[in-house]
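Student: Structure provided below as structure tokens; questions to follow.
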């Protein structure tokens, strides 16, 4: 049997990194006031290597 998919190692080249932005309906809810700045810094750091794809809740 052959498969078309494989799990890549963490050091494999990536086209992008998928991030889900925290919102009030997530486990992050108690810390939302403090986490936005940290999440933005994380996205900026990732963007230095590959594009971050950011999922966010529809307002």
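No value in this document is a laboratory result; all are computed from the given coordinates. Because the structure is predicted, anything quoted here is derived from the model rather than measured. Neighbour counts run over all protein chains shown; Cβ positions are idealised from the backbone, glycine included.
Student: Quick one: 49, 10, fewest Cβ neighbours within 10 Å first, how do they rank?
Tutor: 10, 49
Student: Right, something else. Just need the relative contact order of the chain here, percent rounded to a whole number, with Cα pairs under 8 Å and 6+ apart.
Tutor: Dividing the mean separation by the residue count of the chain yields 48 percent.
Student: Could you work out how far apart the two model spin labels at residue 3 and residue 57 are, taking each label as a point 7 Å from the Cα in the direction of the beta carbon, and quote it in nm?
Tutor: So the label points at residue 3 and residue 57 sit 3.4 nm apart.
Student: What is the angle, in °, between the Cα long axis of helix 32-47 and the longest principal axis of the Cα atoms in the chain? Nearest 10 is fine, range 0 to 90.
Tutor: 30
Student: For the chain, what mean projected area does the convex hull of the alpha carbons give, in nm²? Before the final figure, lay out each step's value.
Tutor: Values: hull surface 25.3 nm².
Computed as one quarter of the Cα hull surface, the answer is 6.3 nm².
Student: Okay, next question. Grab the DSSP H runs of the chain that are 4 residues or longer, score each as -39,500 (n - 2.57), total them, divide by all residues and round the 222 nm result to the nearest 500 deg cm²/dmol. Write down the numbers at each step before the final one.
Tutor: Working: 1 runs with 16 residues, N = 59.
That calculation yields -9000 deg cm²/dmol at 222 nm.
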